[in-house]
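Right, one structure below, let's go through it.
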Amino acid sequence: MEHEKLSMTEIPTTERAFGRKYKADDYARYYADKHETTVLRRLSNALERRMIRLALHRIQRRQGFHSVLDCPSGTGRFLPVLAGFNVSVIAMDTSAQMLHEGRQYHPLFDQQPVASAGSAFELPLADDVVDVVLCSRLVHHIPARQDRLRILHELARVARVGVVLSFFDATSLRAWRRNRKARRKGRPGGRHAISRSVCMEEAREAGLTSIGMNALFRFHTEITAAAFVL
């Protein structure tokens, strides 16, 4: 699988304020552990991995795939899911320390993932270089439509078969509670939900076609995974 590999310490020039904490060395260890700290968090983590697995299966039923870009990969939370698909993987993130923490999952693969520094806003990869792109836990940090579109165009550019994108569903009870709390405090929150229709509309602008969505608990939890094909 050909790609332009960057140094682990080379951080792309595109910067976003929300990403600063994720680049801190001490935060990576905390982030790697936090999803296993309580029974409820372990359950939520298992359900979210299942949600991503179901979205990938949607694409697989349409067309098989053999390579995946996981961006942002973070500390590799979804690498165990990808290992079950017997694919080659590029694990990409702006944080070298996050990628280092994710190496704990590399032994799950017959062909270990390649860890590369890179940003979803400007992927350091050639066109059509992987079959599928997994982009989870990113766009809820992105309030501006033009920035989300920039990401979606990049995901579509490097993928040959499809894209799995997670987002926060604005029609969920959790999103409603979060917005109410933000209004009460008089300042915007750090997470931004969009409707399913907005997600599909923006994906269409990037050349992606929706083939279905999976949520942890529809209308209650925010996090939702959308599967798209080119």
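The values are calculated or read from the model by the stated rules, or taken from the named source; none is laboratory data. It should be emphasised that the depicted structure is a prediction, and the values quoted were computed from it without experimental measurement. Every residue, glycine as well, gets a Cβ built from its backbone with ideal geometry; the counts of neighbours run over all protein chains shown.
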Exercise for the section: Determine if the stretch 144-154 includes at least one residue that is in contact with a helix residue (DSSP H, G or I) (Cβ under 9 Å, 6 or more places away or on another chain), touching a residue at least 40 places away in the same chain (Cβ under 8 Å) and basic (Lys, Arg). Expected result: yes
Exercise for the section: Tell me, please, whether a residue that is assigned to a loop (DSSP other than H, G, I, E, B), closer than 22 Å to Val164 by Cβ and either touching a helix residue (DSSP H, G or I) at 6+ places or on another chain (Cβ under 6 Å) or at pLDDT below 70 (or both) can be found in the stretch 44-51. Expected result: no
Exercise for the section: Look at the stretch 173-192 and say how many of its residues are under 26 Å from Ala203 (Cα atoms) and either touching a strand residue (DSSP E or B) at 6+ places or on another chain (Cβ under 8 Å) or among the charged types (D, E, K, R) (or both). Expected result: 5
Exercise for the section: Can you run down the residue pairs with Cβ atoms below 6 Å, 6 or more apart or on separate chains, where the first is in the stretch 107-119 and within 13 Å of Ser67 (Cβ to Cβ) and the partner is hydrophobic (A, V, I, L, M, F, W, C) and buried (at least 20 other Cβ atoms within 10 Å of the Cβ)? Expected result: Pro113/Val89; Pro113/Ala91; Val114/Ile90
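If you take the residues of the stretch 215-230 that are buried (at least 22 other Cβ atoms within 10 Å of the Cβ) and part of a strand (DSSP E or B), which of them is farthest from the chain's Cα centre (by Cα)?
Filtering the stretch 215-230 down to residues buried (at least 22 other Cβ atoms within 10 Å of the Cβ) leaves 222-228.
From the residues that got through so far, the ones that are part of a strand (DSSP E or B) too are 223-228.
On the way: Ile223: 11, Thr224: 11, Ala225: 9, Ala226: 11, Ala227: 12, Phe228: 14 Å.
My answer is Phe228.
If you check Phe219, Phe167, which single one turns out to be aromatic (Phe, Trp, Tyr) and closer than 22 Å to Thr75 by Cβ?
Phe167
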Practice task
Output the helices (runs of 4 or more DSSP H) that fall wholly within the stretch 72-170 and possess 2 or more residues being surrounded by fewer than 24 Cβ atoms within 10 Å (Cβ to Cβ) and modelled with pLDDT under 95, or say none.
Solution key: 96-102
Exercise for the section: Kindly indicate whether Ser195 is buried (at least 19 other Cβ atoms within 10 Å of the Cβ) and of a type in the set (Ser, Thr, Tyr). Expected result: no
